[in-house]
1. In a GNM of the chain with a 10 Å cut-off on Cα contacts, which of 71, 61, 212 has the highest mean-square fluctuation?
2. At a 10 Å Cβ-Cβ cut-off, how would you order 137, 256, 90, fewest neighbours first?
3. Comparing 226, 130, 180, which has the greatest mean-square fluctuation in the GNM of the chain with Cα pairs linked when under 10 Å apart?
4. Considering the chain as a Gaussian network with a 10 Å cut-off on Cα pairs, which listed residue, 11, 47, 118, attains the greatest mean-square fluctuation?
5. Kirkwood hydrodynamic radius, computed over distinct alpha-carbon pairs, for the stretch 146-260: how many Å, to one decimal?
6. Note down the nm distance, to one decimal, between modelled labels 7 Å out along Cα→Cβ at residue 6 and at residue 89.
7. Determine, for 254, 114, 89, the number of other Cβ atoms within 10 Å of each Cβ, and report the residues in order from fewest to most.
8. So if each residue of separation counts as 0.36 nm, and I subtract the Cα-Cα distance between residue 135 and residue 192, what length gain in nm does that give?
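Every number in this text was worked out from the coordinates using simple rules, so none of it is lab data. It should be emphasised that the depicted structure is a prediction, and the values quoted were computed from it without experimental measurement. Here the Cβ positions follow ideal geometry from the backbone for every residue, glycine too, while neighbour counts run over all protein chains shown.
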């Protein structure tokens, strides 16, 4: 495969995981701009374990998912009690603090970054994508999903039927961090070089944008948003200098025409009825 197309496919797979991590938190009615920080933790932890400690790739990726999840559990309970813009700002600050930490942390290369990681193939990336999609499909059919959607729609209604709102949000926050950490590990081992600038605020904002434009009502919307918004800039390359202007115009048009996102639960039910049995 052409190396350019392979890189686009790899970015698409990693962005799908990043979108799922953002969706998981958004599904509990909390908007996080700290997913780039969790992604950075996963990338640096897995890179350090493989390069400096000599661990095999897959155990390193597993730890890269567990590390940000544990951090999310540690900070989540006080942070998740914050409302609205306060929660958004704290998660944004977390992402920037994490990026700055790795920029100055010499054991992981500091400002020079890290290199020398073992390679991850396209097949490995999409094996992880497929595994997580199956997990989300199973979750979407469970009672826990219905409780989560109740929480997303109305906090007070969720409390009135006995749902521990903070506990549900804490689990979702940790799971979103785990998915972002694994996305970071796959990114690091595919790119073979990372530096703190790879995990800036725009990464977190892009993850949220994937979900909002794809549709926040279902995880399939997050996947569609990640695919469309990753491939769209590449499809517009023929416009040269006008590419970013066209990209912005298309995003605005999508927000105006489909403010609820590309895919809603109603549309998904219609598509399921039309699908052959």
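1. 71
2. Lowest to highest Cβ neighbour count: 256, 137, 90.
3. Of 226, 130, 180, the most mobile in the Gaussian network model is 130.
4. Result for the chain, Cα springs under 10 Å: 118 fluctuates most.
5. Value: 16.7 Å, from the Cα pair sum.
6. 4.6
7. The order, fewest Cβ neighbours first, is 89, 254, 114.
8. So the extension gain works out to 17.7 nm.
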